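> The following block contains the structure, expressed as structure tokens.
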Amino acid sequence: MKKTVKTLAFILIIMTVGFMGFLQLNPPLAHGSVGTTTDKQSVIVALGNKSLMGDIKITDVSINGNEPATNPLVQVSDSDTGFIISNTYNPYKGEYHMQDYKSITLEPNSSPVSSKDQDQDQRKVAAKSNDSNRIYGLSITEEIPIEQIEVSYRYLGFTFVTTINV
């Protein structure tokens, strides 16, 4: 009996370590296109969750090597409407559903970058429903040019950091 419990505990530990290793090699946060103004003071990055299970919760956004972003917002839109980039987002907050990044969770299978198989599956789903796919865009406006964005997030209880070069 004790040997069975020890064996089971060992197997669970190995599976947990393996799962954590897999997540470190394949983080669930995906980023797609990056849009910026010519002075690089306003940036929008398409974000999504490439995992098939579990939401992503963004916990922190910093720029240019760990400087806190002053007012990062997430645009929750659809593929028909798209995103907007501007030096001021106040006039567009309602139309583009701009919200504080801490209040948003990125739903599973919402990656802005997809493989051929996912493209075919998404076309099949789109053909079955008239709803557009939900898309997320991280919008940052600063007084200085933005060269790099670091996004910290939680997924299935684990914390990750992704760096996006602009």
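The values are calculated or read from the model by the stated rules, or taken from the named source; none is laboratory data. On a predicted model such as this, the values are computed, not experimentally measured, just so you know. We place every Cβ from the backbone using ideal geometry, glycine too, and count neighbours over all the protein chains shown.
> Suppose we keep only residues that are more than 15 Å from Val151 (Cα to Cα) and of a type outside the set (A, V, I, L, M) within the stretch 25-38. Which one would you say is surrounded by the fewest Cβ atoms within 10 Å (Cβ to Cβ)?
Thr38
> On the basis of being surrounded by 13 or more Cβ atoms within 10 Å (Cβ to Cβ), modelled with pLDDT of 90 or more, in a strand (DSSP E or B) and not acidic (Asp, Glu), does Val76 make the cut?
No; evaluated as a whole, the condition is false for this residue.
> Any residue at all in the stretch 110-131 that's at pLDDT 85 or above and farther than 16 Å from Tyr153 by Cβ?
Scanning the stretch 110-131 turns up no residue that is at pLDDT 85 or above and farther than 16 Å from Tyr153 by Cβ.
> Same structure, new question: Looking at Gly21, Gly82, Gly94 in this structure, which one is surrounded by fewer than 12 Cβ atoms within 10 Å (Cβ to Cβ), modelled with pLDDT under 85 and within 23 Å of Asn133 (Cβ to Cβ)?
Answer to the selection: Gly94.
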